[in-house]
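The structure under discussion appears below in the form of structure tokens.
The values are calculated or read from the model by the stated rules, or taken from the named source; none is laboratory data. The structure displayed is predicted, hence computed values, not measured ones. When we count neighbours, we look across all protein chains shown, and the Cβ atoms used for this are built from the backbone with ideal geometry, even at glycine.
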Amino acid sequence: MHPEFDRVHSDAKERGVEFVDFKVLDLVGRLHHITFPFDRFTPEIMAEGIGFDGSSYGFLKVEESDMVLLPDYGTAQIDPFRTRPTLSMFADVRLVDAERTAFAQDGRRIVKAAEQALRDLGIADSTRWIPEYEFHIFDEAQYRSGVAEASYKVQSEEAFFQNAYHACNPHDRHDDFRDEVCALMQDLGIPVRYHHHEVGAQAQQEIEGWFADLPTTADHAVLTKYILFNAAERYGLKVTFMPKPLYDNAGSGWHLHQYLVDADGQNIFDDPAGYAGLSKTALHYVGGILKHSPALCALTNPSTNSYKRLVPGFEAPTAITFGRSNRGAAIRIPSYVADPQHRRIEYRPPDFTCNPYLATSAVLMAGIDGIVNGIDPYAEGFHPEDAPSSARRGEVAFLPRSLADALDALEQDHAFLLRNDVFPEVLIRRWLEIKRDEIQAINRRPHPYEFTMYFDL
């Protein structure tokens, strides 16, 4: 008997499902899928798994690349973007041994292991996260890169000459699009707090989620990006999560609100007597994240474009500090939170070019390290910054200025990720290799602006 399979299979049959689709994220964060007819959706096939080439996902070398995908039935949903009724679910990456052992570098395994580490270390029972999705919508997007040419062009009919934050329709041209996206998100079980136009002058948007545990939050992040890309295609639009697609405009982040709860569901970050209402545990958590922030950037801000966003003047975090309501600090404590049960911190550096499984897990592991080792943010020099960081520039440490600097920091500081076998060492090494190759690929190519500066020099 296979009760979980039987439940999903029976429900899908009643709904006229014709195909079954497995979705899985590769190492760098790109979504892949494989589809097969519903009549091949059998207990035998599901126990054995669906074979695939792990080298094409960045996981293994080509000479030893056979892997299998096993479904997570708890994530089964009808895909709203397929013409034929299609049952879609996330799949876990497994090895081809008889036991179908979990693959250590699979992001879904890592994110579950990170939350389990909380319990195993006796810190908390679970986590709660709210992600903020910032992105741009363009009517047109073209880009080329060849031996003798390199160019890009993005265009939006929407343009503001004043602050566009919370701009109202008809100036906000994409409120109906965001309505559609948020409705699809909720249909798929992804909670939405609100959506609005962001501060960016050309079609910058934000959708804010609502609280969920870490594995669920990471799955929802993958689905949210999937929804946005596909909905944009339906509307004839182009969506990008590039942190800085427009020069001298606001960049897009993926801010992560978070707190920890005990076995009774009580928020252990709350203490009315503490700074900004934070408990000592919360401050140690903050201390761990701030101490490891340079290394974290390699996973939370993993593109060269990420560091064009992390600059002063655009409400982007630059300083390795924390503070009440300070959007220039790496960690902000939202002062508008009145409910002690939702007392939380907001980690602001991440952007959505990341692999959400790896990025969120890394942030949590940094916080865990802070709690385990009692890292005091005051003792480490990460004093609260309730004013712009530029006011004390000589006394404040700053986030890495480039992806290369972030990767160097990760290479020197990643032991905290290895605790409880959450991150395997081999993944860290593979990540450094992949990202350094990306840097070299970009550095070897002439930049269009170099022609402006140097062509006739």
Any chance VAL93 is within 22 Å of the chain's Cα centre (by Cα) and touching a residue at least 12 places away in the same chain (Cβ under 8 Å): yes
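Out of the stretch 40-57, which residues are buried (at least 17 other Cβ atoms within 10 Å of the Cβ) and not in a helix (DSSP H, G or I)? Give the steps one after another, and end with the answer.
Step one: list which residues in the stretch 40-57 are buried (at least 17 other Cβ atoms within 10 Å of the Cβ), which gives 41, 46, 49-50, 52, 54, 57.
Once the filter is applied, which keeps residues that are buried (at least 17 other Cβ atoms within 10 Å of the Cβ) and not in a helix (DSSP H, G or I), the stretch 40-57 yields PHE41, GLY49, ILE50, PHE52.
Does the stretch 63-86 include one or more residues that are on the phi > 0 side of the Ramachandran plot and either in contact (Cβ under 8 Å) with a residue 12 or more places away in the chain or of a type in the set (Ser, Thr, Tyr) (or both)?
Step one: of the stretch 63-86, the residues on the phi > 0 side of the Ramachandran plot are none.
No, the stretch 63-86 contains no residue that is on the phi > 0 side of the Ramachandran plot and either in contact (Cβ under 8 Å) with a residue 12 or more places away in the chain or of a type in the set (Ser, Thr, Tyr) (or both).
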Residue match in the stretch 9-17 (condition: modelled with pLDDT of 95 or more, under 25 Å from ARG234 (Cβ atoms) and in a strand (DSSP E or B)): no
Answer residue from the stretch 312-335, given it is in a loop (DSSP other than H, G, I, E, B) and of a type in the set (S, T, N, Q) and is surrounded by the most Cβ atoms within 10 Å (Cβ to Cβ) among those: THR318
Count of the stretch 219-263 residues which are surrounded by fewer than 19 Cβ atoms within 10 Å (Cβ to Cβ), among the basic types (Lys, Arg) and over 29 Å from ASP79 (Cβ atoms): 0
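Of the residues ILE123, ILE130, only one is farther than 21 Å from ASN230 by Cα and in contact with a His (Cβ under 7 Å, 6 or more places away or on another chain); which? Spell out the reasoning first.
Values: ILE123 fails: in contact with a His (Cβ under 7 Å, 6 or more places away or on another chain).
Going through ILE123, ILE130 in turn, the sole match is ILE130.
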Single match in ALA201, ALA231, ALA218 (criterion: over 16 Å from HIS257 (Cα atoms) and touching a helix residue (DSSP H, G or I) at 6+ places or on another chain (Cβ under 6 Å)): ALA231
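Per-residue answers, yes or no, for (1) surrounded by 13 or more Cβ atoms within 10 Å (Cβ to Cβ); (2) at pLDDT 85 or above; (3) more than 30 Å from LYS280 (Cα to Cα):
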residue	(1), (2), (3)
PRO131	yes, yes, no
PHE135	yes, yes, yes
TYR152	no, yes, yes
PHE160	yes, no, yes
TYR165	yes, no, yes
PHE177	yes, yes, yes
GLU180	yes, yes, yes
MET185	yes, yes, yes
GLU208	yes, yes, no
Output for the stretch 198-220, where each listed residue is closer than 18 Å to SER156 by Cβ and out of contact with any Phe, Trp or Tyr (no Cβ under 7 Å at 6 or more places or on another chain): GLY200, GLN202, GLN204
Residue within the stretch 183-199 that is in a loop (DSSP other than H, G, I, E, B), of a type in the set (Val, Ile, Thr) and under 25 Å from ARG327 (Cα atoms) present: yes
Output for the stretch 326-381, where each listed residue is charged (D, E, K, R), out of contact with any Asp or Glu (no Cβ under 6 Å at 6 or more places or on another chain) and without any contact (Cβ under 8 Å) to a residue 24 or more places away in the chain: ASP339
Cβ-Cβ under 7 Å pairs, at least 6 apart or on other chains, the stretch 41-62 side on the phi > 0 side of the Ramachandran plot, far side in a loop (DSSP other than H, G, I, E, B): GLY49/ARG100; GLY58/ASP26; GLY58/LEU27; GLY58/VAL28
Residues of the stretch 21-39 satisfying the condition of being in a helix (DSSP H, G or I) and not aromatic (Phe, Trp, Tyr): ASP39
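Given ASP125, ASP120, which one is surrounded by fewer than 20 Cβ atoms within 10 Å (Cβ to Cβ), touching a residue at least 60 places away in the same chain (Cβ under 8 Å) and within 25 Å of GLU208 (Cα to Cα)?
Numbers: ASP120 fails: within 25 Å of GLU208 (Cα to Cα).
From the options ASP125, ASP120, the qualifying one is ASP125.
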Inter-residue pairs, beta-carbon under 6 Å, first within 23 Å of LEU364 (Cβ to Cβ) and in the stretch 293-311, second among the acidic types (Asp, Glu) and part of a loop (DSSP other than H, G, I, E, B), 6+ apart: ALA295/ASP413; ASN301/ASP351; SER306/ASP351
Selected residue [modelled with pLDDT of 90 or more, touching a helix residue (DSSP H, G or I) at 6+ places or on another chain (Cβ under 7 Å) and assigned to a helix (DSSP H, G or I)] from ARG119, ARG108: ARG108
Residues satisfying the stated conditions in the stretch 347-365, i.e. in contact with a Ser or Thr (Cβ under 8 Å, 6 or more places away or on another chain) and closer than 13 Å to LEU417 by Cβ: ALA359, THR360, ALA362, VAL363, LEU364
